[in-house]
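Report on one structure; see the data block that follows.
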Amino acid sequence: MRRVLTALAAAAITASMMPTAAVAQQQRPGQGQGQQADEAKPRPMRFAPLSRRANAGPCPYVKILYDAARYVELSDFSRPSTNGVGYTGEIEGVSSDCSYRESDPIRVDFNLLFSLGKGPAAQGDAHTYRYWVAVTERNSAVLDKEYFDLPVNFGSADRTTAEPAHTIVIPRAEATTSGGNFEILIGFEVSQEQAEFNRSGSRFRPTAGQTD
């Protein structure tokens, strides 16, 4: 099957994109009346107008899977305690946008926000978290899934954040295929015990074992 996830880029950085603003010409201080005749004439545009076209349809849904939204290491899951907490993590949010027109594939850009912590039972100041991104037909089969490593060095700190950015491209079978037919799911790679712990609603946040 043709690969769905392409052009992937992940980095623990904060990135922001601002749309280009239209430029308005204004009269400068000190311009005299002798220029009024010239100003009455229409001036040629200095910049070509931006071409803005709507997408061919809605964007794919981008969601964090509840069972894998948190990562908690415990020395004993049957008797969880603050002192038994190792490394922790939580996917706190995702922001996304997409673009596709005519018969183009769907390009989805999204940023993730990770909150990461080091508990009393953590071994060392560095840890590599692992998470995945999956593209599915909405409420149906998984089309593709890829895993990513997120190395973190806490140093002398007990908590940190990371904001990896991704771009994925989803081919469309026809020009009429809407982005609403797809979902993008995101989660930590967790063990069965960790998934059950998440489903139970029990929580050890990245600040577990710390005092402010």
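The values are calculated or read from the model by the stated rules, or taken from the named source; none is laboratory data. Worth saying up front: this structure is predicted, and the values here are computed from it rather than measured. Positions of Cβ are backbone-derived with ideal geometry, glycine not excepted, and every protein chain shown enters the neighbour counts. Side chains included, ligands, DNA and RNA excluded: accessible areas come from the protein's heavy atoms. Shrake-Rupley method; radii C 1.70, N 1.55, O 1.52, S 1.80 Å.
Order of 184-192, 97-105 by packing, highest average Cβ count within 10 Å first?
Values: 184-192: 17.7, 97-105: 14.4.
So the order, starting with the most tightly packed, is 184-192, 97-105.
Please list E137, E163, E92 in order of solvent-accessible area, largest first, computed with a 1.4 Å probe with all protein chains present.
The most accessible residue leads, giving E92, E137, E163.
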Ordering K63, K118 by how much accessible area each has at a 1.4 Å probe, largest first, what is the list? K63, K118
Which FRET efficiency value, to the nearest 0.05, is calculated for S99 and D144 with the Förster distance at 25 angstrom and r the Cβ-Cβ distance? 0.80
What number comes out for accessible area per residue over region 40-193 if the probe is 1.4 Å? Units Å², please. 55
If you take every residue apart from W132 with its C-beta less than 14 Å away from the C-beta of W132, what net charge results, scoring Lys and Arg +1 and Asp and Glu -1? -3
Of the residues V152, P171, L185, the Cα lying farthest along the dipole of region 104-187 towards its positive end, which is defined by charges on the beta carbon of Lys, Arg, Asp and Glu, belongs to V152
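Just the number, please: carbon plus sulfur as a percent of the accessible area of region 90-210, 1.4 Å probe, no ligands or DNA/RNA counted. Please list the in-between numbers first.
Values: 2390 of 5770 Å².
C and S atoms contribute 41 percent here.
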